[in-house]
Amino acid sequence: MPHSAPSVMLLWSILSSMEFVFLLHHLWRYDRFACLRWNSGRQPGAFKRVMTYSYLLSVPLLVSYSVIMASIKYKEGYIDLSFLKPGTLIPGGFDLIVPPNGLGVLPKPFALWPQNYKDLVLPAHICFSIAWSLEIVSHLEELTFWLFLLHQ
């Protein structure tokens with residue numbers, strides 16, 4: 001697991017929350033959520049709905065991942081690892097490659113987190129994986145649409 005700083009995860013959670021608010025605002029201003037009904041519009045088609053539904057599922061999952069990780073990172077904070085010598089094992093079997101001048105202060109490693117926070121990491125990563133796969137689906141949908149237009 002990467003040792004990203006808590007401020008990075010906080011920025012990610014703020015930006016993903018803003019994206020979710022923008023998505024809801026856009027869907028409301030566009031047609032007051034009528035695009036979510038399966039048979040709405042002059043030409044009922046799957047393209048627009050797949051894109052809309054994939055974004056409506058992926059953005060909240062990204063928000064949940066980033067908020068969970070930001071809250072854990074801020075609760076755990078930083079740790080001073082300047083006392084470690086090269087080849088030192090951290091409790092929990094976490095092996096670090098310690099440079100000659102030490103590690104200094106860095107976000108607390110995953111191996112030193114309490115068990116209740118470690119138990120939240122897997123569901124958070126599953127949320128992130130599902131959200132990212134839906135994002136890839138939307139990019140694939142766009143690619144096939146442009147290829148369709150190209151070969152017309």
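The values are calculated or read from the model by the stated rules, or taken from the named source; none is laboratory data. Keep in mind that what you see is a predicted model, and the values were worked out from it rather than measured. Ideal geometry is used to build each Cβ from the backbone, glycine not excepted, and the neighbour counts take in all protein chains shown. With ligands, DNA and RNA removed, areas are computed over all heavy atoms of the protein, side chains included. Shrake-Rupley method; radii C 1.70, N 1.55, O 1.52, S 1.80 Å.
Applying a threshold of 7 Å to beta carbon distances and a minimum spacing of six or more residues, or different chains, the list of pairs starting in the range 15-32 at a residue that is under 11 Å from residue 55 (Cβ atoms) and ending at one that is part of a helix (DSSP H, G or I) reads 19/59; 20/59; 20/60; 20/63; 23/55; 23/59; 27/35. Looking only at residues of the range 1-26 that are modelled with pLDDT under 90 and touching a Leu at 6+ places or on another chain (Cβ under 9 Å), we find that the one that is farthest from residue 120 (Cα to Cα) is 5. Within the option set 139, 151, being under 22 Å from the mean Cα position of the chain (by Cα) and either open to solvent by 80 Å² or more (accessible area, probe 1.4 Å) or within 17 Å of residue 79 (Cα to Cα) (or both) holds for one residue only, 139.
Among the residues examined, residue 68 qualifies as among the aliphatic types (A, V, I, L, M), part of a helix (DSSP H, G or I) and on the phi < 0 side of the Ramachandran plot. Checking the structure you have, find out if any residue of the range 37-46 is part of a helix (DSSP H, G or I), more than 15 Å from the chain's Cα centre (by Cα) and modelled with pLDDT under 90. Scanning the range 37-46 turns up at least one residue that is part of a helix (DSSP H, G or I), more than 15 Å from the chain's Cα centre (by Cα) and modelled with pLDDT under 90. If you check residue 134 against the conditions, is it surrounded by 15 or more Cβ atoms within 10 Å (Cβ to Cβ) and modelled with pLDDT of 85 or more? Considered against the rule, which asks whether it is surrounded by 15 or more Cβ atoms within 10 Å (Cβ to Cβ) and modelled with pLDDT of 85 or more, residue 134 comes out as yes. When restricted to residues that are open to solvent by 80 Å² or more (accessible area, probe 1.4 Å) and part of a loop (DSSP other than H, G, I, E, B), the range 100-131 contains 2.
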